[in-house]
Amino acid sequence: MAVIDSEATTTAAQTALQALAKAGVDVVFGNPGTTELPLIKEFARTDSLRYVLALHEGAATAAAAGHALATGRPAVAMVHAMPGLGNAMSMYYNAWRSGVPLVLIAGSQHRRLQHLDPVLQADLVDVARSISKRVWEVKTAEDLPEVLVRALEDAAAPPSGPVFLSVPIDLWSEAVDPVDPRPARPSAQLGPAATEGVEALTEFLLEASAPVIVTGDLVGRRRCGDLAAELAELVGAPAHWAPQASLASMPSTSDCYRGPIFADAGSFARVFAKADAVLGIGANIVPSILFERPDLIPASVRAASITETPAEALGVLVPEVALHGDLPATLRLVIDSLRARLDADPKAGAAVSTRRDAVLADGAAKRSRLRRSALDATAPDGFVAPRAAVATILEAAPDDVFVVDEAVSSSGWVSLLGSFSDPLGYTTLSKGGALGYAVGVAAGVSVGSPGRPGLVILGDGALMYGPQALWTIANEELPIVTCVLNNNGYQILKDFMVSPHFSPELATEDADRDDLAAQLAPLRIEGPVLDLAGLARSCGMESVRVQDLESCRDAVEAAFASGSPWLIDISVTASERG
Ligand SMILES: Cc1ncc(C[n+]2csc(CCOP(=O)(O)OP(=O)(O)O)c2C)c(N)n1
Ligand SMILES: [Mg+2]
């Protein structure tokens, strides 16, 4: 096998790009090193694929995840050997937890150096294995195109998830015979769930007197949120997004929508307080960090689920009726079956109709109360109340905006106050819990949905885990406005710290306040305060700091009107009790 790299010879790098393009990939997000240079070289020679440079591998991986969410197709990120994989890892983990279809390619060391323990060397596939759907070390140049196509197919096949490939540097440059790569096969077409299952679920829903519906990411990814909302409305059930949604799985504009289940026992308790049944649709319902109660969904609540494959994790949901099948087709069948039963039985129909009216009226009233209370929240001079900031930002943004939420202690406000009528209206990559995704995700969503304005709402702490994508946004001239809710610290951790879970001693009369202040010190970003406007300018975008609600509204409106990337640093109050 001659190693030749000339214009006249086809190299594995060239066939790799041909294979990706033929499989429908039109962009690769990456950060390069020597081990990828032979491939990087080829981007200049092709019109069918674009390389989007990120200045950190976390930014590249988050952007690829955002792109996958936006397009519904697997996205590709490329990083540099073990150092790049290490930097990519937290965002790759987030993507894995959310089942985002990605192919992460890392260049690896020259095959003739590997036994000499060179720099950059590690067993990359071993490192990536436990958080990948599949991993491969590519061994032969001839097989690279087929491996890439299979990786894309694997990432997309339900249940979707990230696939990792390691490609040795010398393999890219090998001469190979010209190839005609095959297009990626679409994932196997699932049929709807079996009739018996649909009938059993219809019965289950008719027997429930206080049902709750929980929709998961898959509903958004399969673009059938409207059907989930139709079912919730037909049943007369309040509906929630499963914890740590990566998309607006069902439209938040439905009056059945009651916000996400937050991953703590209190939120679960509120959601299921009056319920006697729950239907999870494409929903993986997971607990959060604190062990509070094992029975987050009480045993008295009967459970049912609709998923696409039996392999999908359901978290704490233990269904007695479990349907597997194409989500949109199955939802349509369940809706038709239920409607037929309600039409045929006027008594049951009337009871459900009364419940429906109450649920819808309650939802509309709650939404307007919440909006008012957010906008009316006051703050001392120099600050804005976080929920007032969120409500104002959302109102000042254009109707067709997509929002990426990493607002941490204010996330609840974003998901409750926003009018997200399509799945991409709201995205996060929060299921893994690794901060630093929002700016990168927004860049990827924007590349995948050209022209649509983007809005990032995030904490000051969150921004500092992944600010590098600000540069990519500026470099690619993406119309994204980044709003930082800046409270000079890790508010949510302060809230945890003063909660009975971590500080039961505070419940006593003689609680030591000085001691508490010392404990909170590592949660403040206050020695040197961050110059976030300066940070954004250094990345090539315009920026402003605002300290009152009117300036906040004006700044957001002006930023969107400009069509250019902006960062707005908003001074918000802390809700800290300590
Ligand atoms: C990569 C990573 N490191 C650390 C954490 C732990 N963590 C969870 S929330 C949080 C604070 C976030 O602060 P900020 O973004 O400013 O939001 P706020 O709580 O102030 O609203 C931290 C550090 C994490 N989730 N991810
Ligand atoms: Mg903060």
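The values are calculated or read from the model by the stated rules, or taken from the named source; none is laboratory data. Predicted model only: the values in this text are computed from it and were never measured. Every residue, glycine as well, gets a Cβ built from its backbone with ideal geometry; the counts of neighbours run over all protein chains shown. Quick note on the areas: whole protein, heavy atoms, side chains included, nothing else; ligands and nucleic acids left out. Shrake-Rupley method; radii C 1.70, N 1.55, O 1.52, S 1.80 Å.
Data table
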quantity: Total charge dipole magnitude, the stretch 1-159, about the Cα centre, Cβ charges on Lys, Arg, Asp, Glu only, Debye to nearest 20; calculated: 320
quantity: Surface share of carbon and sulfur [accessible, 1.4 angstrom probe, percent] for the stretch 456-514; calculated: 53
quantity: Separation in nanometres of the label points that stand 7 Å from Cα toward Cβ, at Ala269 and Ser564; calculated: 5.1
quantity: Two-decimal Rg to Rh for the chain - Kirkwood Rh, Cα set; calculated: 1.00
quantity: Förster-model FRET efficiency, 56 Å R0, Phe43 and Phe502, C-beta, rounded to 0.05; calculated: 0.70
quantity: Overall Cα dimensions of the stretch 411-567 - principal axes, largest extent first, Å; calculated: 58, 34, 30
quantity: Net charge dipole size for the chain [Lys, Arg +1 and Asp, Glu -1 on Cβ; Debye, nearest 20]; calculated: 700
quantity: Pairs of Cα atoms farther than 24 Å apart, the stretch 265-404, %; calculated: 57
quantity: Förster-model FRET efficiency, 41 Å R0, Arg537 and Glu292, C-beta, rounded to 0.05; calculated: 0.40
quantity: Rounded accessible area of Asp512 (nearest 10 Å², 1.4 Å probe); calculated: 90
quantity: Kirkwood-based shape ratio for the stretch 413-468, expressed as Rg/Rh from alpha carbons; calculated: 0.95
quantity: Contour excess over end-to-end distance, with Cα ends at Ala361 and Ala344 and 0.36 nm allotted per residue; calculated: 3.6 nm
quantity: Where Rh is the Kirkwood radius over Cα pairs, Rg/Rh for the stretch 343-454; calculated: 1.11
quantity: ³J(HN,Hα) computed for each position of the stretch 107-117 - Karplus, 6.51 cos²θ - 1.76 cosθ + 1.60, integer Hz, glycine/proline x; calculated: x, 10, 5, 3, 4, 8, 9, 4, 6, 9, 6
quantity: The stretch 485-578 - Kirkwood radius from inverse mean 1/r over Cα pairs (Å); calculated: 15.5
quantity: Ile480 long-range amide H proximity, modeled H, under 5 Å; calculated: Gly454, Trp566
quantity: Under the Karplus curve 6.51 cos²θ - 1.76 cosθ + 1.60, θ = phi - 60°, whole-Hz ³J(HN,Hα) for the stretch 373-387, x wherever Gly or Pro sits; calculated: 5, 5, 5, 7, 5, 9, 8, x, 3, x, 9, 10, 5, x, 6
quantity: Förster radius 56 Å - calculated FRET efficiency between Asp512 and Leu53, Cβ distance, rounded to 0.05; calculated: 0.65
quantity: Kirkwood hydrodynamic radius (C-alpha pairs) into Stokes-Einstein, the stretch 51-110, 4 °C and 1.567 mPa s, D in µm²/s; calculated: 115
quantity: Net +/- balance of residues flanking Cys224 in space, Cβ distance below 13 Å, scoring K and R +1, D and E -1; calculated: -2
quantity: Estimated dipole of the stretch 84-201 in Debye, rounded to 20 [Cβ of Lys and Arg +1, of Asp and Glu -1, Cα centre]; calculated: 280
quantity: Proximal charge balance of Lys274 [Cβ under 15 Å; K/R count +1, D/E count -1]; calculated: +3
quantity: Amide hydrogen neighbours beyond the local backbone of Glu137, cut-off 5 Å, H modeled; calculated: Ser166
quantity: More than 19 Å apart - percent of Cα-Cα pairs taken over the stretch 6-98; calculated: 40
quantity: Estimated vicinal HN-Hα couplings, Hz - the stretch 312-328 in sequence order (Karplus 6.51, -1.76, 1.60; Gly, Pro = x); calculated: 5, 6, 9, x, 8, 7, 10, x, 8, 10, 10, 9, 10, x, 3, 4, x
quantity: Theoretical ellipticity at 222 nm over the chain - DSSP helices of four or more residues, -39500 (n - 2.57) apiece, nearest 500; calculated: -12500 deg cm²/dmol
quantity: Long-range amide H partners of Tyr257 with built H, under 5 Å; calculated: Ala239
quantity: The chain - accessible surface per residue (Å², probe 1.4 Å); calculated: 40
quantity: 20 Å tail of the calculated P(r), the stretch 356-414, as % of Cα pairs; calculated: 37
quantity: 12 Å beta-carbon shell around Ala462, net charge (K/R +1, D/E -1); calculated: -3
